[in-house]
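Structure first, commentary second.
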Amino acid sequence: MDIFSARPASFKDSSAGRPYHILVVDDSPLDLHFLLNGLSDNFVVTFASSAQETLCLVNQFPQPDIILLDVVMPEMDGFEICTRLKNDENTQNIPVIFVSGLDATVDKTKGFNAGAVDYITKPLELEELEARIQTHIRLKEQSQYLESMAYFDPLTRVANRRKYNEVLQREWARCIRYHHQMSMVIIDIDFFKEYNDTYGHSEGDNCLISVARLLEVTVGRPTDIFARIGGEEFVLLLPDCNAVGAVQKAEKILEILAHAQIPHENSHIENHLTVSLGVATMHPSHGHSALSLFQAADDALFSAKRDGRNQFAI
Ligand code: GH3
Ligand code: MG
Ligand code: MG
Ligand code: MG
């Protein structure tokens, strides 16, 4: 489906093939009843009547596609809840619409400053509310789509160089702050030019897809990233990982490819596809840029190639 085209009438069926999920947060049983009744024909609606319930529900799977948030509530008001949601990277992308009886400009401004995408005042017009919900869900999906285009390699669907660079900079700074080590493994397919010459460019593309699928499973932690950074070159970035851990990953990658036995009759070393790997580990510091880690891994890759390929070097 073209994500930028106008929505069909059956908006309730999301692009993910399921109905959209709205979380309604309100401490007034009357308002809750009105919203649950009004919206449940077209959406899956769950509700919470306190901050505590809200902060618990937003982290359950599947997360809501959008949150309708009351302002005046006991214990913690809607502005504070919204601020918390926006400060948590697990919940910051869920659009929040304030739904409140407070209609002063100062309150509306406070709502937008807390990170909400919209502010609707009670009494509610259901039709207008639904239209606004649809608009904000569509905008969120469009921005997710654009993000996937900006950050993922269209051929292999793994992260691209831009994403890798951003994660590298962010994790480098984090490792400096916490005095943690960081490792990197650069993976370069051996004799890939010969692979293309033997099987054709299109089979070469399929081979890159297969290699990406096989190797992306080496990502262990949420902060690790596996990316395609060049034609037949991939990188595994391992924040908080020492040299022993990085070598284990390199060994694992060699093992995965030996096991996969992707035919390559002109490989010069084996009759299947192999890779060479450059491994590096550093203690990130302000005196060095993240590029120095890449440079060290690239130098190691050069050694692995020089020493016969189908191996790693540190
Ligand atoms: P080495 O063992 O030294 O790494 O040799 P190599 O042939 O793998 O390396 P070289 O740099 O000489 O060639 C890389 C080849 O990768 C050449 C290029 O056409 C191919 N390649 C780069 N990107 C793509 C792609 O997206 N699809 C396909 N099919 N081939 C690609
Ligand atoms: Mg209230
Ligand atoms: Mg290369
Ligand atoms: Mg190569």
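Taken together, the values in this text are just the output of simple stated rules run on the coordinates, not laboratory data. Bear in mind the structure is a predicted one, so any value in this text is a computation, not a measurement. Virtual Cβ from ideal backbone geometry, glycine too; neighbours counted across all protein chains shown.
Ranked by the mean number of other Cβ atoms within 10 Å of their residues, highest first, the peptides 22-35, 169-182 come out as 22-35, 169-182.
Throw me the Rg/Rh for the chain, computed over C-alpha atoms with Kirkwood Rh, two decimals. Display every interim value, and only then the final one.
On the way: Rg = 25.1 Å, Rh = 22.7 Å.
A ratio of 1.11.
If R0 is taken as 25 Å, the Cβ-Cβ distance between Val44 and Lys86 corresponds to a FRET efficiency of 0.60. Note: relative contact order over the chain, using C-alpha pairs below 8 Å and six or more positions apart, is 13 percent.
So, in nm, how far is label Ala258 from label Ser210 when the simple model puts each one 7 Å beyond its Cα toward the Cβ? Each label point is offset 7 Å from its Cα along the Cβ direction, giving 1.9 nm.
Between segment 100-159 and segment 205-247, the alpha-carbon centres lie 34 Å apart. Each of Lys140 and Arg18 was given a label point 7 Å from its Cα along the Cα-to-Cβ line. The distance between the two points is 1.3 nm.
Pop the C-beta distance of Arg221 and Gln63 into the FRET formula with R0 = 35 Å and round what comes out to the nearest 0.05. Write out the running numbers ahead of the final one.
On the way: r = 21 Å, r/R0 = 0.60.
Between Arg221 and Gln63 the formula returns 0.95.
The label-point distance for Leu291 and Asn93, in a model that sets each label 7 Å from Cα toward Cβ, rounds to 3.0 nm. What the Cβ-Cβ distance of Ala104 and Met76 gives, at R0 = 25 Å and to the nearest 0.05, is a FRET efficiency of 0.80. Pull up the DSSP beta bridges for the chain and report the antiparallel fraction as a percent, rounded to 5. Around 55 percent antiparallel, to the nearest 5.
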